[in-house]
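S.K.: The structure's right below; bear with me while I get my questions together.
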DNA sequence: CTACCTTTGTGAAGAATTTCACAAGCGACC
DNA sequence: GGTCGCTTGTGAAATTCTTCACAAAGGTAG
């Protein structure tokens with residue numbers, strides 16, 4: 001989050017930013033900003049604030065955005081399309097090296113700059129292309145099986161959009177996004193606004 | 001999350017579920033399950049566990065899923081389409097009453113069961129249709145302006161997919177999902193696997 | 001009815017996170 | 001060079017969240 005706003009400031013030519021300013025942009029507190037950043041090092045100058053450009057570089061390094069990540073997208077549906085279309089995606093060094101689906105009418109179709117391939121090619125391609133990240137954009141049914149397969153093939157991180165719990169071995173990182181659940185959270189908030 | 005898995009169990013005809021079982025399904029601990037549920041009441045029977053069907057009902061009530069929520073989708077792009085297509089969406093009582101975009105070639109196009117309308121109709125429609133929830137699936141630029149407008153028109157909760165920080169008055173609930181940020185989290189995890 | 005197995009609900013302990021508050025450092029200005 | 005205003009970095013305090021551990025049931029079997 002800090003990186004996103006620091007990049008904006010950098011683009012605008014701003015030289016330094018105080019923890020107060022970053023906090024306002026990110027919707028947090030100055031103390032939080034300072035604690036967060038201090039975890040990784042001492043980037044600021046007292047009396048001045050943080051050097052915007054230098055800090056973006058540092059954060060990019062910390063986040064591991066210094067090189068290209070090879071990503072496979074599993075599921076050629078709307079969510080997969082939304083991700084592949086997203087400019088910020090490639091901008092940040094995430095390169096989509098393959099899109100996979102198992103519906104016959106989708107396989108072979110052009111899809112952005114790639115062509116949708118069969119799930120049966122997935123394991124082989126992951127190994128061959130050295131993809132380390134997989135985006136899972138398929139229905140809940142069978143999601144775990146697909147995960148097991150790609151983990152076996154060498155995938156080390158998974159971004160899961162399937163509305164189900166996924167289990168991975170400890171050497172694999174996992175993040176899940178569940179849109180329905182987010183909406184339900186809003187429903188709860190609306191319903192209990194008075195009580196809180 | 002509990003609701004999701006309880007529904008599955010209910011469909012399978014299971015009568016009761018222990019905190020242990022729920023914890024396994026949800027990827028958490030039995031103690032966590034019991035604390036979470038006990039916050040809202042005392043639903044279980046000692047020695048037996050939780051009554052599956054009754055608890056799903058209770059949770060639906062707590063989450064405010066007992067009635068229909070009227071939702072507008074702002075931005076007729078891929079993300080919006082993914083959401084509208086999502087079955088679990090309507091299933092959970094979220095009814096899309098309008099889709100809005102400001103690109104002339106999209107306005108008037110059919111879109112699922114609705115027709116894409118102009119953003120200039122948005123404020124009026126929100127009032128007329130009594131929509132309380134808005135899904136924001138547009139680029140970061142101008143997102144805040146759109147938010148201000150719909151909040152003014154009576155929207156009380158926003159699910160934001162625009163990759164930017166959004167400010168809302170205290171009576172409005174906000175959840176943000178940022179796919180690029182999730183991926184960067186994975187990049188960080190991969191980069192720092194050794195250190196941790 | 002009693003003994004025993006199971007599982008909840010919950011105070012208390014422990015861990016993690018956030019906020020506070022202030023010394024220390026930096027630059028600017030006279 | 002000294003003073004002053006500003007902002008960081010960080011221990012300590014406060015708060016929040018998670019885990020532990022066990023008494024209080026509910027059920028069952030004999």
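S.K.: Does at least one position in segment B:34-53 carry a residue that is more than 15 Å from DNA strand D (Cβ to nearest atom) and in contact with a helix residue (DSSP H, G or I) (Cβ under 8 Å, 6 or more places away or on another chain)? Before you say what the answer is, go through the steps one by one.
M.R.: Let us first name the residues in segment B:34-53 that are more than 15 Å from DNA strand D (Cβ to nearest atom), namely B:53.
Then keep just the ones that are in contact with a helix residue (DSSP H, G or I) (Cβ under 8 Å, 6 or more places away or on another chain); that gives B:53.
There is at least one residue in segment B:34-53 that is more than 15 Å from DNA strand D (Cβ to nearest atom) and in contact with a helix residue (DSSP H, G or I) (Cβ under 8 Å, 6 or more places away or on another chain).
S.K.: Filter segment A:34-51 down to residues that are touching a strand residue (DSSP E or B) at 6+ places or on another chain (Cβ under 9 Å) and closer than 15 Å to residue A:3 by Cβ, then give me how many there are. Give the derivation first.
M.R.: First, the residues of segment A:34-51 that are touching a strand residue (DSSP E or B) at 6+ places or on another chain (Cβ under 9 Å): A:37, A:43-45, A:48-51.
Subset that is closer than 15 Å to residue A:3 by Cβ: A:37, A:43, A:50-51.
Of the residues in that region, 4 qualify.
S.K.: Out of B:131, B:157, B:180, report the one residue that is within 7 Å of chain A (Cβ to nearest Cβ), modelled with pLDDT of 95 or more and under 21 Å from the mean Cα position of the chain (by Cα). Step through it out loud before you land on a result.
M.R.: Numbers: B:131 fails: within 7 Å of chain A (Cβ to nearest Cβ); B:180 fails: modelled with pLDDT of 95 or more.
After applying the criteria, what remains is B:157.
S.K.: Something else: Report, ordered by the first and then the second residue, all pairs with beta carbons closer than 7 Å, sequence separation of six or more or different chains, a first member in segment B:7-22 that is closer than 16 Å to residue B:37 by Cβ and in contact (Cβ under 8 Å) with a residue 12 or more places away in the chain, and a second member that is part of a loop (DSSP other than H, G, I, E, B) and within 15 Å of DNA strand D (Cβ to nearest atom).
M.R.: B:16/B:48
S.K.: Would you be able to say whether some residue in segment A:92-112 is in contact with a strand residue (DSSP E or B) (Cβ under 9 Å, 6 or more places away or on another chain), in a helix (DSSP H, G or I) and closer than 18 Å to residue B:178 by Cβ?
M.R.: Within segment A:92-112, none of the residues are in contact with a strand residue (DSSP E or B) (Cβ under 9 Å, 6 or more places away or on another chain), in a helix (DSSP H, G or I) and closer than 18 Å to residue B:178 by Cβ.
S.K.: Step by step: first the residues of segment B:113-124, then only those that are in a helix (DSSP H, G or I) and touching a residue at least 40 places away in the same chain (Cβ under 8 Å), then the one that is surrounded by the fewest Cβ atoms within 10 Å (Cβ to Cβ). Which residue is that? So that I can check it myself, show each step before the final result.
M.R.: Let us first name the residues in segment B:113-124 that are in a helix (DSSP H, G or I), namely B:119-124.
This time we only want the ones that are touching a residue at least 40 places away in the same chain (Cβ under 8 Å), so: B:119, B:122.
On the way: B:119: 18, B:122: 23.
Among residues in segment B:113-124 that are in a helix (DSSP H, G or I) and touching a residue at least 40 places away in the same chain (Cβ under 8 Å), the one surrounded by the fewest Cβ atoms within 10 Å (Cβ to Cβ) is B:119.
S.K.: Condition first: out of contact with any strand residue (DSSP E or B) (no Cβ under 7 Å at 6 or more places or on another chain), surrounded by 18 or more Cβ atoms within 10 Å (Cβ to Cβ), more than 14 Å from chain B (Cβ to nearest Cβ) and under 24 Å from residue B:193 (Cα atoms). Can you find one or more residues in segment A:53-64 that meet it?
M.R.: Within segment A:53-64 (the criterion being out of contact with any strand residue (DSSP E or B) (no Cβ under 7 Å at 6 or more places or on another chain), surrounded by 18 or more Cβ atoms within 10 Å (Cβ to Cβ), more than 14 Å from chain B (Cβ to nearest Cβ) and under 24 Å from residue B:193 (Cα atoms)), the answer is yes, since at least one residue qualifies.
S.K.: Please specify each residue of segment B:65-80 satisfying the condition of being more than 9 Å from chain A (Cβ to nearest Cβ) and crowded, with 20+ Cβ neighbours inside 10 Å.
M.R.: Taking segment B:65-80 first, the residues more than 9 Å from chain A (Cβ to nearest Cβ) are B:67-68, B:70, B:72-76.
Of everything in segment B:65-80, those that are more than 9 Å from chain A (Cβ to nearest Cβ) and crowded, with 20+ Cβ neighbours inside 10 Å turn out to be B:72, B:73, B:74, B:75, B:76.
S.K.: So residue A:91 clears everything in (1) surrounded by fewer than 15 Cβ atoms within 10 Å (Cβ to Cβ); (2) more than 15 Å from the chain's Cα centre (by Cα) except one condition, right? Which one?
M.R.: (2)
S.K.: Hey, can you tell me all the residues within segment A:125-153 that are closer than 23 Å to residue A:67 by Cα and exposed (fewer than 15 other Cβ atoms within 10 Å of the Cβ)? If you could, list the steps in order and put the result at the bottom.
M.R.: Let us first name the residues in segment A:125-153 that are closer than 23 Å to residue A:67 by Cα, namely A:125-136, A:150-151, A:153.
Listed by number, the residues that qualify are A:127, A:128, A:130.
S.K.: On to the next question. Only one of these conditions is not met by residue A:96: (1) at negative phi; (2) away from chain B (no Cβ under 12 Å). Which number is it?
M.R.: Here residue A:96 meets the rest and fails (2).
For every residue, the table says whether it meets (1) over 30 Å from residue B:76 (Cα atoms); (2) modelled with pLDDT of 95 or more.
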{"residue": "A:35", "(1), (2)": "yes, yes"}
{"residue": "A:43", "(1), (2)": "yes, yes"}
{"residue": "A:47", "(1), (2)": "yes, yes"}
{"residue": "A:57", "(1), (2)": "yes, yes"}
{"residue": "A:62", "(1), (2)": "yes, yes"}
{"residue": "A:65", "(1), (2)": "yes, yes"}
{"residue": "A:69", "(1), (2)": "no, yes"}
{"residue": "A:83", "(1), (2)": "no, no"}
{"residue": "A:91", "(1), (2)": "no, no"}
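S.K.: Still on this model: Where in segment B:9-73 are the helices (runs of 4 or more DSSP H), entirely inside, with at least 3 residues that are more than 10 Å from DNA strand C (Cβ to nearest atom), under 24 Å from the mean Cα position of the chain (by Cα) and more than 30 Å from residue A:174 (Cα to Cα)?
M.R.: Details: elements: B:19-26, B:30-38, B:52-63.
Counting at least 3 such residues, we get B:52-63.
S.K.: Being facing chain B (nearest Cβ under 8 Å) and within 15 Å of the chain's Cα centre (by Cα) is the filter; apply it to segment A:160-177 and report the residue that is surrounded by the most Cβ atoms within 10 Å (Cβ to Cβ).
M.R.: A:173
S.K.: Something else: Taking only segment B:99-112 into account, find how many residues are within 14 Å of chain A (Cβ to nearest Cβ) and on the phi > 0 side of the Ramachandran plot.
M.R.: 1
The values are calculated or read from the model by the stated rules, or taken from the named source; none is laboratory data. Since we're looking at a predicted model, the values are computed, not measured. In this analysis, Cβ positions are derived from the backbone assuming ideal geometry, glycine residues included, and neighbour counts consider all displayed protein chains.
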